[in-house]
Amino acid sequence: MNEITPLSNTDMLVLPTADDIAEAALKKIIELSKKAISDHGSFSIVLAGGTTPEKVYSLLAEEDCDWNNWQLYMGDERCLTRDDPERNSESVRRNLIDKINIPESNIHFIPAEFGAETAAKTYAKTIVNKQPFDLVMLGMGEDGHTASLFPGHIHDKQELVHPVHNSPKPPADRVSMSAEVLSQNHNLIILVTGENKRLPMRQWQAGVELPVARITTLGNKAVLLDNAAAANI
Ligand code: 6PG
């Protein structure tokens with residue numbers, strides 16, 4: 001299991017509002033995509049679930065990117081039917097994919113509609129030779145979870161992708177890349193906004209063993225916080 005990495009001030013960028021965070025994330029993503037495509041002809045990005053990144057996806061959809069060379073992955077997925085609006089993949093389709101011209105073959109989502117165990121095994125085969133990713137994007141929950149890695153959950157260290165049950169955040173059944181796989185990135189961006197994230201941010205900075213604190217990088221890490229989430233840290 002990845003060691004805990006307390007949050008350092010050098011990793012943090014605090015901006016006034018959630019919109020400022022979305023704009024800053026967009027700028028970083030575009031910059032990284034251009035560098036990756038120039039360096040090795042493609043840009044692999046692991047997308048975050050939840051609501052925080054939705055604004056980033058919408059802004060990204062307005063950009064004129066070299067989409068043919070983008071490869072999209074999902075850090076985690078909820079075990080719901082494929083077109084359930086609550087799926088993380090559906091959020092990405094609504095806010096980004098449906099507005100851009102990207103080949104379907106560049107989209108590598110987690111087949112969570114087949115159940116956690118089957119989807120985890122299948123997705124492990126999808127990503128086994130795709131690491132390290134050029135960019136991993138993550139959010140953080142109020143309990144310090146990230147992707148679908150929750151406090152107190154024990155996973156098989158051999159797994160690249162975990163089936164998740166009894167998730168405290170509905171739905172109960174999910175699928176998640178492991179902390180080790182999420183740490184196989186050249187760049188890591190974690191988006192945290194809202195005052196409901198204030199406590200876990202303080203805990204993270206204090207070195208509390210939160211799932212989000214187990215995600216590291218092979219290169220650069222940026223935790224983008226708005227004032228509401230960053231207060232008192
Ligand atoms: C999910 C996400 C989850 C999310 C955090 C933050 O399935 O919900 O994978 O890890 O990133 O819970 O969610 P918000 O951005 O909605 O606060």
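Taken together, the values in this text are just the output of simple stated rules run on the coordinates, not laboratory data. Note that this is a predicted model, so its numbers are computed, not measured. Every residue, glycine among them, receives a Cβ derived from its backbone with ideal geometry; neighbour counts consider all protein chains shown.
Mind jotting down the distance between the C-alpha centroids of segment 109-166 and segment 190-233, whole Å?
Spelled out, the Cα-based centre of one part sits 20 Å from the other.
Anything in the chain that counts as a DSSP H helix reaching 18 Å or more along its axis (C-alpha) with Kyte-Doolittle mean of at least -1.0? List them, would you? Let's see the in-between values first.
Values: long enough: 18-40 (32 Å, -0.14).
Length and hydropathy pass: 18-40.
Below 17 Å, Cα to Cα, which lysines can residue 121 reach? Residues fewer than 8 away in the same chain don't count.
130, 157
Identify all lysines with a Cα-Cα distance to residue 28 below 20 Å; exclude those on the same chain that are fewer than 8 residues away in sequence.
Leaving aside lysines fewer than 8 places away in the same chain, those within reach of residue 28 are 55, 221.
How many nm is it between the label spots at residue 34 and residue 209, if each spot is 7 Å from the Cα in line with the beta carbon?
4.4
Within segment 116-160, which GluC sites (Glu not before Pro) sit in a loop by DSSP and count at most 14 neighbouring Cβ atoms inside 10 Å? If you can, show how the numbers build up before the last one.
Working: sites: 117, 142, 159; in loops: 142, 159.
When the GluC sites (Glu not before Pro) of segment 116-160 are filtered for loop state and at most 14 Cβ neighbours within 10 Å, 142 remain.
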